[in-house]
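K.L.:
Below is a structure I'd like to ask you about.
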Amino acid sequence: MTATAGGHRPSRIPIIGQLRSYRRGWLRGDLIAGVTVAALIVPKNLGYAGIAGVPLQNGLYAAAAGAILYAIFGTSRQISMGPSSGLAAVAASAVLAAAIIGEQDVASFVAGITLASGILFLLLAVFRMGWIAQFLSRAVVTGFLFGAAIDVVIGELPKLTGTETEGANPLQELWSWFGTLGATHQATVLVGAVSLVVVFGLRVVAPRVPGALVLVVGGLLASALLDLSAKGVAVVGDVPRGLPALQVPDMELMWEHAGTVALAAVALVMIGFSQTAGDARTFAAKHRYQIDINQESVAQSMANIGSGLFQGMPVSTSLSASSLNDRSGAKTGVASLTSGVTVLLTLLVLAPLFSDLPKAVLGALIIEAVVSGMMDLPEMRRLFRVKKVDFWIAIIALLGTLVFGVLAGVIIGIGLSLVWLVAVATHPEMPALGRERGTQVFREVADHPDDEIVADVAVVRFDGGLFFATADALEDRLREVIQANPGLTGIVLDCGGINFIDSQGAASMADVVALARDAGVQLRLTRLKPGPRTVLDREGVIDILGKDHIHGNIHRAVEAGQRDAASRRDDTDPAG
C-alpha cells in the first residue's frame, strides 16, 4: 500500500486515521463544505434518479450511502461520492435492454446492478486489478458519454412538451418527438422553457450560484402558487418521507437477466473507477497527501454495495461536487459524512415537498446535468487538434451509443480501445534517422529533412517492445531498408526504445542478423538496455552478432560502420 501523509501505512478504514490526527480548526470547514455540497447534490440526484427511471427518493438513498461509505473507506479527503449522469444513463440502458417495466421492478433491478458493480469493484481490489479500467481510453469515454448525453436529452424532451414518443433508439425517438409537436401542452412547454432558461442562464451569468437548487426551489414555489397540476402540468408524484430500509434486490430478476447485469456492472466499474481514480489523484496532489488506489477500489465497492442494499443506484465521484467540497474548506472525510447525514435529514424532513415538482422542471434539470457533465466539447476539440485518430474513435463511440444504445456503446468502446491498443502495439514506429549537421545528434529524417543522411550506413530506431506481435515488423522493416539501398554496407539499429524482448523477439533478432549478413550488410546495435541485452545473450544473438557490434550511442556505431565501409572499399579497390 501507499503511505499516507505523515508516513503511516493506511488503515483498511482510513477515516480512523483521519480522526486520530484531526485538528479542531478543521471542523468548521468540514461542516460548511458538507452542508454546501448537500445543497448541490440533493436537487441533482433527483435528476439522476429520473435518468435511471427509479423513484426520486432512491437517488437520495444512493447519495447518502455513497457519501457516508466513501468517507469511511476512501483515502481522498475531498472526493464527493454519489450518483452521476453517466452511471445513471448506463443503469437506464440496462433497464431498457432487459425490457423491465414497473416502478418496483425497475428500482430493484437498478439496485441489483449497483450491488453487482460493488462486488466487481471488491474483486478488483482483492486481486489488485484496477489496471483493467484502463482498457477504456479517454477518447472512448469522451465519445461514449457524449452519445449517452444526447440519448438522455432526447429522452427528456417529451417532459418539456407534455407529449409521448416511441422508438427503438434515440434517433427514432427524436423523429417521433418531432411528430408530436402539434399536440404539445402549452403550460408544460412554458414551464419547460422557463426552466431551461433559468438553469442554463445561471451557468452563464452566475456560475457559482447552484442552478439546480434554484430551479428546484423555484419549480416547487411555482407549482404551489400557480397550482400547475390543476392546469395539466404533470408532477413527479409521491415522494415519501423516511430513511431507506435494508433490502436485498430481487435475485430471481437478476438471474433472469444475468447477461445484462454482468455487462452493466462491467460498464459501471470501468467508467466509475476511471473517474474516481483521476479525481482522487488530483486532490491528493493539490493538498500534498497520498492516496491508495487499491483502497479506492474498496471504497467504491463499499459505496455501491451499500447503495444497492439500500435501494439506491450506482455511485461514483462527482467532479463538480468534489470541487465545491474542496473550495468550501473540506479537510477530511468528515465533510463527506456531513453531506450524507444532511441528505438523510432531507429525506426525513423535506422529501414530501418534492412530490409537487413539475416533470418539466425535472426534465430541464436532467438536461442541464448531462449537457454540463457529459458533453465535453473542449475535449472533443482537443482530440481533433492533437490526434485526429482519437477524435474519430470518440465519434464512432458516440454514434455507436446513439444507434445501438448505451450498453452496446460500452462494448463498442471497449472493442475500439482494444483494437487501438493492438494496432499501436503491433505497429511500432521504426523511423529512419539522420545526423544534425555539425553535431553528433541523430534525429528523425521525416521531421528534419535537411539533416545529413550518412553514406553507406542506414540508421533506424525501433520504438516499442520486441515481442511476438512486433517481431515480424522488425524483420520486414530492415528488409525494406536493405532493398531500398542497394549500396548499403551497414545498418545501425537504435534499441533505446526497446524495454522488453520475449523469446520470439529474441529469435527474430537472430533472424535479422542472418538476414543482414546474407545481404552483405553489417548490423550494429546501439543503446541496448540491460534487460533486453540479457535476453539476447541467452538466445545467443550477442555471440552471433559479436560484442564489437554493440555500441553505447548511435554516433559510435555509425563511425564503426563507416570504417567498415571504408575498409571494404579499400579491399575492392584495384589501386589499393
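The values are calculated or read from the model by the stated rules, or taken from the named source; none is laboratory data. Bear in mind that the values here come from a model prediction, so they are computed numbers and not experimental data. Cβ atoms come from the backbone with ideal geometry, glycine included; neighbour counts cover every protein chain shown.
K.L.:
Collect the residues in region 340-373 that are surrounded by 23 or more Cβ atoms within 10 Å (Cβ to Cβ) and within 30 Å of PHE73 (Cα to Cα), keeping them in residue-number order.
P.N.:
Answer for region 340-373, where residues must be surrounded by 23 or more Cβ atoms within 10 Å (Cβ to Cβ) and within 30 Å of PHE73 (Cα to Cα): GLY340, VAL343, ILE366, ALA369, VAL370.
K.L.:
Check LEU402, LEU407, LEU416, LEU347 and return the single one that is in the same structural domain as PRO240 (by TED's automatic domain parsing), within 25 Å of ILE51 (Cβ to Cβ) and modelled with pLDDT of 90 or more.
P.N.:
LEU347
Quick grid of which residues meet (1) in a helix (DSSP H, G or I); (2) among the hydrophobic types (A, V, I, L, M, F, W, C); (3) surrounded by fewer than 16 Cβ atoms within 10 Å (Cβ to Cβ); (4) at pLDDT 90 or above:
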residue	(1), (2), (3), (4)
ALA455	no, yes, yes, no
LEU478	yes, yes, no, yes
LEU493	no, yes, no, yes
ARG517	yes, no, yes, yes
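K.L.:
Report every pair of residues separated by at least 6 positions or lying on different chains whose Cβ atoms are under 7 Å apart, first residue within region 535-564 and at positive phi, second buried (at least 19 other Cβ atoms within 10 Å of the Cβ) and in a helix (DSSP H, G or I).
P.N.:
none
K.L.:
Further question on the same structure: Tell me the helices (runs of 4 or more DSSP H) entirely within region 241-331 that contain at least 2 residues that are within 19 Å of the chain's Cα centre (by Cα) and within 25 Å of LEU31 (Cα to Cα).
P.N.:
It comes to 258-287, 293-309, 319-327.
K.L.:
Okay, moving on. Determine which single condition VAL441 fails, assuming it passes every other condition in (1) under 38 Å from the mean Cα position of the chain (by Cα); (2) modelled with pLDDT of 90 or more.
P.N.:
Just one mismatch for VAL441, condition (1).
K.L.:
Now, a different point. Please indicate, with yes or no, whether at least one residue in region 87-94 is among the polar types (S, T, N, Q), surrounded by 24 or more Cβ atoms within 10 Å (Cβ to Cβ) and not in a helix (DSSP H, G or I).
P.N.:
For region 87-94, residues among the polar types (S, T, N, Q), surrounded by 24 or more Cβ atoms within 10 Å (Cβ to Cβ) and not in a helix (DSSP H, G or I): absent.
K.L.:
May I pose another question? Would you confirm whether or not region 187-196 contains a residue that is within 23 Å of GLY218 (Cβ to Cβ), over 31 Å from the mean Cα position of the chain (by Cα) and outside any helix (DSSP H, G or I)?
P.N.:
No, region 187-196 has no match at all.
K.L.:
Sticking with this structure for a sec: Please go through region 172-188 and pick out each residue that is in contact with a helix residue (DSSP H, G or I) (Cβ under 6 Å, 6 or more places away or on another chain) and either under 20 Å from GLY405 (Cα atoms) or without any contact (Cβ under 8 Å) to a residue 60 or more places away in the chain (or both).
P.N.:
GLU173, LEU174, TRP177, THR184, ALA187 - these are the residues of region 172-188 that are in contact with a helix residue (DSSP H, G or I) (Cβ under 6 Å, 6 or more places away or on another chain) and either under 20 Å from GLY405 (Cα atoms) or without any contact (Cβ under 8 Å) to a residue 60 or more places away in the chain (or both).
K.L.:
When you check ALA67 against the structure, is it within 13 Å of SER336 (Cβ to Cβ), assigned by TED's automatic domain parsing to the domain that holds LEU115 and at pLDDT 90 or above, yes or no?
P.N.:
Yes, satisfied.
K.L.:
Can you name every residue in region 210-249 that is over 21 Å from LEU350 (Cα atoms), out of contact with any strand residue (DSSP E or B) (no Cβ under 7 Å at 6 or more places or on another chain), surrounded by 11 or more Cβ atoms within 10 Å (Cβ to Cβ) and not charged (D, E, K, R)?
P.N.:
Result: GLY232, GLN247, VAL248, PRO249.
K.L.:
So for region 312-319 (the condition being out of contact with any Leu (no Cβ under 8 Å at 6 or more places or on another chain), under 29 Å from SER137 (Cα atoms), assigned by TED's automatic domain parsing to the domain that holds VAL141 and modelled with pLDDT under 85), does at least one residue qualify?
P.N.:
Checked region 312-319: at least one residue is out of contact with any Leu (no Cβ under 8 Å at 6 or more places or on another chain), under 29 Å from SER137 (Cα atoms), assigned by TED's automatic domain parsing to the domain that holds VAL141 and modelled with pLDDT under 85.
K.L.:
Given the options VAL191, VAL199, name the one that is touching an Asp or Glu at 6+ places or on another chain (Cβ under 9 Å), surrounded by 18 or more Cβ atoms within 10 Å (Cβ to Cβ) and in contact (Cβ under 8 Å) with a residue 60 or more places away in the chain.
P.N.:
From the options VAL191, VAL199, the qualifying one is VAL199.
K.L.:
Now, a different point. If the requirement is being in contact with a helix residue (DSSP H, G or I) (Cβ under 6 Å, 6 or more places away or on another chain) and either under 30 Å from ALA267 (Cβ atoms) or not in a helix (DSSP H, G or I) (or both), which of these qualifies: VAL424, VAL410?
P.N.:
Every option except VAL410 fails the conditions.
K.L.:
Quick check on my filter: what residues within region 198-244 are β-branched (Val, Ile, Thr) and out of contact with any helix residue (DSSP H, G or I) (no Cβ under 9 Å at 6 or more places or on another chain)? Full working, then the answer.
P.N.:
Restricting attention to region 198-244, the residues satisfying the condition of being β-branched (Val, Ile, Thr) are 198-199, 204-205, 209, 214, 216-217, 233, 235-236, 239.
Matches in region 198-244: VAL204, VAL205.
K.L.:
Might you let me know whether region 427-435 holds any residue that is surrounded by 15 or more Cβ atoms within 10 Å (Cβ to Cβ), basic (Lys, Arg) and over 29 Å from SER323 (Cβ atoms)?
P.N.:
Checking region 427-435: at least one residue is surrounded by 15 or more Cβ atoms within 10 Å (Cβ to Cβ), basic (Lys, Arg) and over 29 Å from SER323 (Cβ atoms).
K.L.:
Turning to a different aspect of this structure: Any idea which residue in region 129-158 is modelled with the highest pLDDT, counting only those that are crowded, with 19+ Cβ neighbours inside 10 Å and of a type in the set (S, T, N, Q)?
P.N.:
THR142
K.L.:
Going by the conditions given, is ARG556 part of a helix (DSSP H, G or I) and more than 25 Å from ASP502 (Cβ to Cβ)?
P.N.:
So ARG556 fits the description; yes.
K.L.:
Looking at (1) surrounded by 13 or more Cβ atoms within 10 Å (Cβ to Cβ); (2) closer than 22 Å to ARG443 by Cα; (3) modelled with pLDDT of 90 or more, which is the only condition GLY505 fails?
P.N.:
In the conditions (1) surrounded by 13 or more Cβ atoms within 10 Å (Cβ to Cβ); (2) closer than 22 Å to ARG443 by Cα; (3) modelled with pLDDT of 90 or more, GLY505 misses (2) alone.
K.L.:
Further, regarding this structure: Of the residues that make up region 460-471, is at least one charged (D, E, K, R), without any contact (Cβ under 8 Å) to a residue 24 or more places away in the chain and in contact with a strand residue (DSSP E or B) (Cβ under 6 Å, 6 or more places away or on another chain)?
P.N.:
Checked region 460-471: no residue is charged (D, E, K, R), without any contact (Cβ under 8 Å) to a residue 24 or more places away in the chain and in contact with a strand residue (DSSP E or B) (Cβ under 6 Å, 6 or more places away or on another chain).
K.L.:
Here are some conditions: (1) in contact (Cβ under 8 Å) with a residue 60 or more places away in the chain; (2) assigned to a helix (DSSP H, G or I); (3) surrounded by fewer than 24 Cβ atoms within 10 Å (Cβ to Cβ). VAL110 meets all but one. Which one does it not meet?
P.N.:
The failed condition is (3).
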